[in-house]
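First the structure, in the form of C-alpha cells, and then the observations on it.
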Amino acid sequence: MQEKHKPVSVVWNDARLYTATYTQDECKQKQMGSFTTLGYLIEQNDITTTIAMEYNDDNDYRNVMLIPTGSIISINNLTLVSGV
C-alpha cells in the first residue's frame with residue numbers, strides 16, 4: 001500500500017531557451033535546466049509524474065506540478081521531522 005502523503009525530492013531536466021545568436025559549437029555547449037522539486041508524490045506513470053506542494057486537513061492538494069516522467073533524473077524519499 002502506498003503511503004498517502006509521500007514526501008519526495010525530484011531532480012529533473014527542463015527545457016531552457018537561449019535567445020541570442022550562437023555558432024554551432026556554442027549551441028552544442030548549452031545545457032538543459034536541472035531543477036529540484038520538493039513535494040508529495042501523487043502519481044507516477046510512463047508519461048507524467050504528479051507532485052503536490054501542499055495538502056490540507058481534508059486531504060485536498062494544492063499547487064500541483066506535472067513533470068514529464070522521461071525528464072526525471074532521480075526521485076528520493078524524504079522523511080519529515082516534526083517539532084523541529
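Do we find a residue being surrounded by 10 or more Cβ atoms within 10 Å (Cβ to Cβ), part of a loop (DSSP other than H, G, I, E, B) and not basic (Lys, Arg) anywhere in the stretch 48-65? No, the stretch 48-65 contains no residue that is surrounded by 10 or more Cβ atoms within 10 Å (Cβ to Cβ), part of a loop (DSSP other than H, G, I, E, B) and not basic (Lys, Arg).
To keep it simple, each residue is scored yes or no on (1) of a type in the set (D, E, K, R); (2) within 23 Å of Thr79 (Cα to Cα); (3) touching a residue at least 60 places away in the same chain (Cβ under 8 Å).
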position: Thr19; (1), (2), (3): no, no, no
position: Tyr22; (1), (2), (3): no, no, no
position: Lys30; (1), (2), (3): yes, no, no
position: Thr37; (1), (2), (3): no, yes, no
position: Met53; (1), (2), (3): no, yes, no
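One residue stands out among those in the stretch 43-84 that are at pLDDT 95 or above, farther than 11 Å from Val10 by Cβ and of a type in the set (A, V, I, L, M, F, W, C): the one that is nearest to the chain's Cα centre (by Cα), which is Leu66.
With respect to (1) touching a Leu at 6+ places or on another chain (Cβ under 8 Å); (2) farther than 16 Å from Lys4 by Cβ; (3) free of Cβ contacts under 8 Å to residues at least 24 places away in the same chain; (4) not basic (Lys, Arg), the lone exception for Glu26 is condition (1).
The values are calculated or read from the model by the stated rules, or taken from the named source; none is laboratory data. As the structure is a computational prediction, the values presented were derived from the model and not from experiment. Cβ: placed from backbone, ideal geometry, glycine included. Neighbour counts: every protein chain shown.
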